[in-house]
Amino acid sequence: MSYLSDIFRGTKKNLWCLYCREKPQTMDSDSSDQEAENYAEPSNQVAEELHDFPTEHKFMYDLIVLGGGSGGLAAAKEAVNYGAKVAVFDFVSPSPQGTSWGLGGTCVNVGCIPKKLMHQAALLGEAIHESAAYGWQIDPETVKISWEALRTAVQNHVKSVNWVTRVELRTKKVEYINALGYFKDKHTIMGVMKTGQEKEFTAQHILIAVGGRPRYPNIPGALEYAITSDDIFSLEKPPGKTLVIGAGYIGLECAGFLNGLGFEATLMVRSIILRGFDHHMANSIADDMQKRGVKILFEAQATKIEKQKDGRLLVHYKNKDGQALTDTFDTVLIAVGRRPLTRELKPENIGLKLIPETDKVDAVNEESNVPNVYAVGDVLSGKPELTPVAIHAGRLLARRLFANSTEQMDYVNVATTVFSPLEYGCVGLSEDDAIIQYGEDRIEVYHAYYKPTEFFIPQKDVTNCYLKVIALREDDERVLGMHFLGPNAGEVIQGFAAAMKCNLTFPKLKSTVGIHPTVAEEFTRVSVTKRSGLDPKPQSCCS
Ligand code: FAD
Ligand code: NDP
């Protein structure tokens, strides 16, 4: 039991005891927030006792983690496994539209989890319509989504994860402090409580894991009237006709599931789709989304958003020819990237180095330029903004700090999936990057179109079901990159990412016996090289 909790338990009976309070009957946000609030408000007396830390410890904690999201929680939970005394600060500032949420960070509350659930809801809608071809007796006219029911189901799941996270911290004896932290000095964090009161907390090591929040473009009306991914998953009213601005992961995924749920979705693309990804695959996603009904405005930029008398939003934008146009939407969702929450930490108080253009933490091996201050997750410069990356880096750092480990995080060949309606999973280099890195002559690109068996009966469009393997021509054809566009792409690519970690070569891939009939087996069947100019279309299902 840590010192802080001892004080709370022993001397402050009116405060919430992290270790003995019964689970509330309901998991609605109010009760959850109330608990957080109670716990987050130690009295002055408690704070004074904390400063007067009596025994062998110089600091109140071995580790203070700023940010209770993917990376921070993973590091905190791992650190206590090795006997460290740990506190996690987590505080969510409401979005400009007033949306707020509980413990667990972006992934759980406004990221991966609610996104995947809404993606799944959209896929189910598609499946219901397909099922008629398989003999299910459905009336397509009566199939429609209840946004309210979906949102409630998603939010109930999110709240249950908030609750489980809190219980896990309690069980593991990690202190949860519902306060906004910032640096007073390199060992002292000031915690701004919900009331505005400030308290001091000290630690030997401090981990920055504060993640990021959506960026807004600098155009009139954006902050006032638009929503972001912070708001969409708990939106009270159905979004209706929606404009999604931004063509990264979030833009594509949101436009994709909204369209799948039956809402008219338009995607506004400033330059290209999915910058940094294999451009052929990215264009195929765009093609597939258009075929499903998403309207894409290429090379267009919004210039103003106005609210009309009827409450709808009038969007002014310029098209690629510089023509000024307008359209009216019920909802405008902005997805133009995220900014790290590092400036709020008062980095100047400890001389913390940030990258000037991005405000991300300049760190090597998660170590900042301030010796006892570390960073993991979305705040790190030049690293993928993905949950498993934050978790893995957080765990390894905790082991290095408290368990004499020397293992470093390997950020190379991290697999990822864009949950567009037809999913795109990839690992390693894109064809474009492989050419830049090795030259066209030194790489071989194997590719194939394929027909998922389950697509035949409902006669689903297979034109974008495609994969490619990029291999070095030397070095026993070591595989440099794998790309898969099709159903369950995330599930498909995960195992191949492990194979690439073990230095997969193309001959080894070819000698792997497939599992039939699956879409993943298509990787074991691919044999046509781009260089050959042969047709990569499928011959038959089983040859
Ligand atoms: P976060 O999870 O953002 O946690 C940071 C926490 O710190 C937050 O709770 C924040 O409120 C809190 N905080 C901030 N400042 C302070 C402060 N000063 N004091 C106290 N607390 C503070 N990744 C995937 O791998 N797969 C996906 O499918 C996926 N989908 C996504 C979908 C969306 C819509 C979004 C937005 C992101 C998605 N991501 C996905 C990315 C993933 O969510 C992030 O990479 C991950 O959450 C980053 O974890 P983190 O620990 O760095 O920060
Ligand atoms: P991204 O950085 O991926 O994409 C931002 C998009 O916004 C780009 O298309 C960019 O265009 C465009 N853009 C930037 N500024 C403007 C502007 N002023 N006007 C119009 N368009 C603009 O950010 P996201 O917000 O989509 O995602 C953030 C991160 O979250 C991702 O990098 C990813 O790591 C993570 N994430 C992961 C997911 C997953 O694993 N499935 C899902 C969702 C998010 P341009 O190319 O022209 O700069």
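Just so you know, all these numbers are worked out from the coordinates, no wet-lab data involved. As the structure is a computational prediction, the values presented were derived from the model and not from experiment. For neighbour counting, all protein chains shown are included, and Cβ atoms are generated from backbone atoms with ideal geometry for every residue, glycine included.
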Any residue in region 300-318 that is without any contact (Cβ under 8 Å) to a residue 24 or more places away in the chain sitting within a Cβ distance under 8 Å of a residue that is of a type in the set (D, E, K, R) and not in a strand (DSSP E or B)? List the pairs, counting only those 6 or more apart or interchain.
R312/D330
Could you say whether any residue in region 400-423 is outside any helix (DSSP H, G or I), crowded, with 22+ Cβ neighbours inside 10 Å and either over 28 Å from the mean Cα position of the chain (by Cα) or without any contact (Cβ under 8 Å) to a residue 60 or more places away in the chain (or both)?
no
Name the single residue, out of those in region 217-249 being hydroxyl-bearing (S, T, Y) and more than 14 Å from ligand 1 (Cβ to nearest atom), that is nearest to K307 (Cα to Cα).
Y225
For region 384-399, name all the residues that are more than 16 Å from ligand 2 (Cβ to nearest atom) and either among the β-branched types (V, I, T) or in contact (Cβ under 8 Å) with a residue 40 or more places away in the chain (or both).
G394, R395, L397, A398, R399
Are any of the residues in region 106-127 near ligand 1 (Cβ under 10 Å from one of its atoms) and outside any helix (DSSP H, G or I)?
yes
So which residues in region 235-260 are surrounded by fewer than 21 Cβ atoms within 10 Å (Cβ to Cβ) and over 16 Å from the mean Cα position of the chain (by Cα)?
L235, E236, K237, P238, G240, K241
Would you confirm, using the coordinates I've provided, whether F419 is more than 16 Å from ligand 1 (Cβ to nearest atom) and either touching a helix residue (DSSP H, G or I) at 6+ places or on another chain (Cβ under 7 Å) or within 16 Å of A75 (Cβ to Cβ) (or both)?
no
How do the strands (runs of 3 or more DSSP E) wholly within region 435-524 filter down when requiring 3 or more residues that are of a type in the set (D, E) and closer than 25 Å to L422 by Cα: which remain?
none
Residues that are farther than 27 Å from G439 by Cα and crowded, with 19+ Cβ neighbours inside 10 Å, drawn from region 468-525
G486, A489, V492, V519, A520
